[in-house]
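First comes the structure, then the notes that go with it.
The values are calculated or read from the model by the stated rules, or taken from the named source; none is laboratory data. These numbers come from a predicted model, not from an experiment. Here the Cβ positions follow ideal geometry from the backbone for every residue, glycine too, while neighbour counts run over all protein chains shown.
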Amino acid sequence: MSMQVVIIVTGGIIILAILDFFLEPRVLRRILEKYPELQKIVDYFYREYNIKVCTLPRGIFTGALQDDEYEKIKKWLYALKQVIQYIPEEAKNYVNDITFSSSGRYQACASTRHIKVYLAPASGASGRSSRKYRTSSDKDKVHLKERRMFTWIHEFGHEWHRSKEGLAKNEEIKKNFDKAVTKYAKYMNYRENFADAFAMYVLMPDYLKNNFPQTYQWLKQNVYHGQEYDLEYPVPRSIRDDLTENY
Ligand SMILES: [Zn+2]
């Protein structure tokens, strides 16, 4: 199954949905004409992964995309490009589309067959239950490449998990992910813990293996088909600490 990636930069969900429906092809064409480098990345996704990329930046209202917005989109696309190399096939297959938005309370979220990623996320999450794990450094680190990759893989992890809902395996997931691997997961639930461990398996394999060997082995056998990762550029210490400190 092919995956569609939709990039939208707007102020709100209602506007976003309308633009998505009526203006997408025209807006995309305009952006790509102005930024040939972006066109190259879009072509790459289509050629390599059969992923369709659509852009709907804020510039629709002013007639031009600001340079910093363009840079953000480009950076996010490069991070996505790297992430897609690492996640298991079936996790990709359950995603129908990916939306980029300009504002939001979270870094990213996933609902059924849909992933939403914020280009300018708030400083940490501000949800009721998530306030407890917020750190002062979140704002600076959230745009780092490795942090973006972690978030992406985390959301694909939700998609993998969702694909197993209702199956006997779900009880098995509950059982194997009751020990929180990050402080975020500690204050949330086993679903968030699964998604964080799913991302950690790829980006922080040594940490997961050393501290949660059972979780690591379960993911290796049941999710990653025995594939193990030893990335050339592992997650920096600062991000690792950010995910796990005071835990
Ligand atoms: Zn999550």
Of Lys179, Lys169, Lys145, Lys139, which residue is more than 16 Å from the ligand (Cβ to nearest atom) and modelled with pLDDT of 85 or more?
Lys179
Within region 195-247, of all residues that are part of a helix (DSSP H, G or I) and touching a Leu at 6+ places or on another chain (Cβ under 6 Å), the one surrounded by the fewest Cβ atoms within 10 Å (Cβ to Cβ) is Tyr216
Considering region 196-247 alone, what residues qualify as being closer than 18 Å to Tyr184 by Cβ and of a type in the set (Ser, Thr, Tyr)?
Tyr201, Tyr207, Thr215, Ser238, Thr244, Tyr247
